[in-house]
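Engineer: Pasting a structure here, questions to come.
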Amino acid sequence: MPRFAANCSMLFTEVPFPERFARAAAAGFRAVEFQFPYDWPAQALRRSLDAAGVTAVLHNLPAGDWAAGDRGLACDATRQAEFRAGVPRAIDYAQALGAPRLNLLAGRAGAGQTEAQTRALFIDNLRFAADALAAHGLMLMIEPINTRDVPGFWLNTSAQAAALLDEAGCANAFIQFDLYHMQRMEGDLAATLRRLLPRIGHVQFADNPGRHEPGTGELNFAFLFAELDRLGYAGWVGAEYLPSACTEDTLAWLGAPR
């Protein structure tokens, strides 16, 4: 089985965020990921991670005002300064928390931008972030996200992500491949994993429809997890789903603690 990380922004929400690391450890996880740690002091979160005995493997770059509907800043020319100011902040958190990779959310294109302008802006911001992370030995992820859940999200297919990485030419930049988002956008998950595995730096999952735990929808997770093993994927696989019940009651897919 792959190495699983609990996404503590979506799992164990029965307790406050810093307490979720211990809940994850008790459930059998040895690693955690999360979306945005910035509302809590980094050193306090590090103490919670260490007390729980879990490793942080990923979090996102700042993505604007999430509550107001922002889903990333990298495609809006009017917010480029805000995007760039968030990069060193994210690096500071990653270093404090021991997280080796950060995820860049593309968001939506700025008003009035052409497709060519948006692409050039995204590449420019991707290179800026990747260069800054490389100086600290960190990896950068870019994540295609489905446009049913997030209408207008600019980066939405695995082929588009691979092409952007080819154009950017950053050795430390990879695809964050979320099985849920890619099932909604394109399907053919196993073949895509086989084709793009060298470009994939992190995997996440939820079942479809509903974005709940494995076994609630159409995806064959036993096959997909076994396929990741067969392909030799050595990275983490993040459980980023909406539990349909108390989180601990949705972990039958996890099996024995790892």
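The values are calculated or read from the model by the stated rules, or taken from the named source; none is laboratory data. Note that the structure is predicted; figures quoted are calculated from it, not measured. Positions of Cβ are backbone-derived with ideal geometry, glycine not excepted, and every protein chain shown enters the neighbour counts. Note: accessible area is taken over every heavy atom of the protein model, side chains too, but ligands, DNA and RNA are not part of it. Shrake-Rupley method; radii C 1.70, N 1.55, O 1.52, S 1.80 Å.
Engineer: Take the eigenvalues of the Cα gyration tensor for the range 14-111, scale each by 5, and report the square roots as semi-axes in whole Å, largest first.
Structural biologist: After diagonalising the Cα gyration tensor, the semi-axes are 28, 13, 11 Å.
Engineer: How much of the accessible area of the range 42-163, probe 1.4 Å, is carbon plus sulfur, in whole percent?
Structural biologist: 51 percent
Engineer: Next question. Per residue, how much accessible area does the chain have with a 1.4 Å probe, in Å²?
Structural biologist: Heavy-atom SASA per residue in the chain reads 40 Å².
Engineer: If you take the Cα atoms of the chain, find Rg, then find the Kirkwood Rh from the mean of 1/r over all pairs, what is Rg/Rh?
Structural biologist: That ratio equals 0.94.
Engineer: Give, as a single signed number, the net charge of other residues whose beta carbon lies under 11 Å from the beta carbon of Met185, with Lys and Arg counted +1 and Asp and Glu -1.
Structural biologist: Around Met185, the surrounding residues sum to -2.
Engineer: Per residue, what volume in Å³ does the convex hull of the Cα atoms of the range 83-182 enclose?
Structural biologist: Taking the convex hull of the Cα positions in the range 83-182, it is 102 Å³ per residue.
Engineer: Ok, one more. Amide H of Ala5: which non-local residues (sequence gap of 5 or more, or other chain) have their own amide H closer than 5 Å, using H built in the peptide plane?
Structural biologist: Under 5 Å from the amide H of Ala5: Val237, Gly238, Ala239.
Engineer: Would you tell me the accessible area of Glu167, worked out with a 1.4 angstrom probe on the heavy atoms of the protein chains, in Å² to the nearest 10?
Structural biologist: 90 Å²
Engineer: For the chain, return all DSSP H helices satisfying: extent of Cα atoms along own axis at least 24 Å; mean Kyte-Doolittle hydropathy at least -1.0.
Structural biologist: Counting only whole DSSP H runs, the qualifying helices are 80-97, 115-134.
Engineer: Can you work out D for the range 52-93 in µm² s⁻¹ from Stokes-Einstein, where Rh is the Kirkwood radius over C-alpha pairs, the temperature is 20 °C and the viscosity is 1.002 mPa s?
Structural biologist: Once the numbers are plugged in, D ends up at 186 µm²/s.
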